[in-house]
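First comes the structure, then the notes that go with it.
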């Protein structure tokens, strides 16, 4: 399974940290956030990556290169303009001819990707979204599930549920029939799938997940994750 990791954002909410470095390259301990993303996927057998990059992309390319240092195969898709989540993945369409994974380059998680893939295959739907239970999902898109773990509603304002969209997807190539340039998965593509009678599976996970989206998030993460803890996390991820 190939993985597309979205790394093109400017990280404006994390300035001044991101004035000279792209958000996925901000360090936790002595390693970039993106390295933890890749290593968790490697733990589950994912070795082929497409990184969509834009803002200060040379920093990412210089650090990771072709990925061989980590036993990975990394390609880059450089974006000259903001394409949003689905638009970024659409640019890699020709390279994604089988089931593929989509994740964010600034999310730290220990999600069991192998279990999520097995769930996706069992359900047989066009898309599976990883869902995380949050006490107060004010800043995230939220969903409701039916009795078969299929998504019945997909909303950007939390009024019905505290299951949030964690920005982690497993998708079938058929989804490209429903994506137009510069679109967002949550706002555009997933609602369109539901409107066209397509089922979207919701995979609920309990493993650690954090969105490093704001200065408070980043500084808090650095405060609670010691170098020793990071080293243990890397060891568990097969590094």
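Test residue 46 against the stated conditions and say whether it is at pLDDT 95 or above and assigned to a loop (DSSP other than H, G, I, E, B).
yes
Residues that are assigned to a helix (DSSP H, G or I) and modelled with pLDDT under 65: does the range 218-227 have at least one?
Just the residues of the range 218-227 that are assigned to a helix (DSSP H, G or I), to begin with: 218-224, 227.
Applying the additional criterion that residues be modelled with pLDDT under 65 yields 227.
So far as the range 218-227 goes, yes, one or more of its residues are assigned to a helix (DSSP H, G or I) and modelled with pLDDT under 65.
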Scanning the range 16-42 residue by residue, those in a loop (DSSP other than H, G, I, E, B), at negative phi and at pLDDT below 85 turn out to be 16, 17, 18, 30
Is there a residue in the range 119-127 that is touching a strand residue (DSSP E or B) at 6+ places or on another chain (Cβ under 9 Å), crowded, with 19+ Cβ neighbours inside 10 Å, in a strand (DSSP E or B) and touching a residue at least 40 places away in the same chain (Cβ under 8 Å)? yes
Given (1) under 14 Å from the mean Cα position of the chain (by Cα); (2) part of a loop (DSSP other than H, G, I, E, B); (3) modelled with pLDDT under 85, where does residue 111 come up short, assuming only one miss? (3)
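Quick test for you: out of 202, 167, pick the one residue that is outside any loop (DSSP other than H, G, I, E, B), under 21 Å from residue 23 (Cβ atoms), in contact with a strand residue (DSSP E or B) (Cβ under 6 Å, 6 or more places away or on another chain) and at pLDDT 85 or above. Spell out how you get there, then give the answer.
Values: 202 fails: under 21 Å from residue 23 (Cβ atoms).
Among 202, 167, only 167 is outside any loop (DSSP other than H, G, I, E, B), under 21 Å from residue 23 (Cβ atoms), in contact with a strand residue (DSSP E or B) (Cβ under 6 Å, 6 or more places away or on another chain) and at pLDDT 85 or above.
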Would a scan of the range 59-76 turn up a residue that is part of a helix (DSSP H, G or I), touching a residue at least 40 places away in the same chain (Cβ under 8 Å), surrounded by 23 or more Cβ atoms within 10 Å (Cβ to Cβ) and within 15 Å of the chain's Cα centre (by Cα)? no
The range 91-112: number of residues that are farther than 21 Å from residue 23 by Cα, surrounded by fewer than 20 Cβ atoms within 10 Å (Cβ to Cβ) and in contact (Cβ under 8 Å) with a residue 40 or more places away in the chain: 7
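The values are calculated or read from the model by the stated rules, or taken from the named source; none is laboratory data. Note that the coordinates shown come from a computational prediction; the quantities given were computed from them, not determined experimentally. All Cβ positions, glycine included, derive from the backbone under ideal geometry; neighbour counts span all protein chains shown.
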